[in-house]
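Let me begin by presenting the structure, written as structure tokens, before commenting on it.
The values are calculated or read from the model by the stated rules, or taken from the named source; none is laboratory data. None of the values given here were measured: they were computed from a predicted structure. Cβ coordinates were reconstructed from backbone atoms using ideal geometry, including for glycine residues, and neighbour counts include every protein chain displayed. These accessible areas exclude ligands, DNA and RNA; they are computed on the full protein's heavy atoms, side chains included. Shrake-Rupley method; radii C 1.70, N 1.55, O 1.52, S 1.80 Å.
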Amino acid sequence: MPVGRDDIIRYAATAIEEGKRLDLGVLAAELHISRVTLFRRVGNREQLLSEALWWLNERSLESSIGRWHRANGDAVRGKDGALRSMWIATDHAARTGRDTGFQKLLDDEPIAAIRALTDPEGAVQPRMIAALTDLLERDVQEGGLRPSVELSTLAFAVVRLSESVLYADLLAGRQSNIATASTLVNALVEGVLRPD
């Protein structure tokens, strides 16, 4: 059976999870395809890294959504008062922050990792903004909330703020802190979304 684009991305994501460096030559050999075929299907290393990181992020988001539903059903707010979209985003960030393969990538290749995670033309940031916009739209519709800005703008601000706090240790030599990121993001979102 031919190796498709999704197979390559999934294989690369697994390599990242396992703490391995993403080497296109090794990857092509392990998949029994040429480097030319690999490049044709997924692009260069940076593009593949971005797609693999999105693949991991998407699974983490799905897992966080499942954890919310198991604990709170379809409620817009949790028992602790947390807004569903923000709880999911915080849970996702915490899970990602604890992932040893992801942390190894950040430690070993900080510039490549940050570029793949924060590139507005890459796979991760635009899709994360879209996913968060969807979560916020659902909270607004089901929770009787009225946003004072466009939800896509709010999602963009949340993602960018989260990136700056979560990757602060790499960008500015400061310690990243998920609790701080969560507090700032929640303050932003709760200030923009008002009861109707």
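Before moving on, here are some points about what is shown:
- The listed residues are Leu132, Leu151, and the only one of them that is open to solvent by less than 30 Å² (accessible area, probe 1.4 Å), modelled with pLDDT of 95 or more and over 15 Å from the mean Cα position of the chain (by Cα) turns out to be Leu151.
- Any hit, segment 72-90, residues being in contact (Cβ under 8 Å) with a residue 60 or more places away in the chain and either open to solvent by 50 Å² or more (accessible area, probe 1.4 Å) or closer than 28 Å to Asn44 by Cβ (or both): yes
- Once segment 1-54 is narrowed to residues that are among the hydroxyl-bearing types (Ser, Thr, Tyr), surrounded by fewer than 20 Cβ atoms within 10 Å (Cβ to Cβ) and within 23 Å of the chain's Cα centre (by Cα), the residue that is nearest to Thr96 (Cα to Cα) is Thr14.
- Looking at Arg115, Arg160, Arg146, just one residue is open to solvent by 20 Å² or more (accessible area, probe 1.4 Å) and not in a helix (DSSP H, G or I), and that residue is Arg146.
- Residue match in segment 172-183 (condition: open to solvent by less than 30 Å² (accessible area, probe 1.4 Å) and over 26 Å from Val42 (Cβ atoms)): yes
- Here Gly191 fulfils each of the conditions (1) at pLDDT below 95; (2) out of contact with any Lys or Arg (no Cβ under 7 Å at 6 or more places or on another chain); (3) surrounded by 14 or more Cβ atoms within 10 Å (Cβ to Cβ) apart from (3).
- Any chance Asn57 is under 23 Å from Gly97 (Cα atoms) and open to solvent by less than 70 Å² (accessible area, probe 1.4 Å): yes
- Segment 126-143 residues that are assigned to a helix (DSSP H, G or I), paired with ones that are among the acidic types (Asp, Glu) (beta carbon under 8 Å, 6 or more apart): Arg127/Glu58; Ala131/Glu58; Glu142/Asp74
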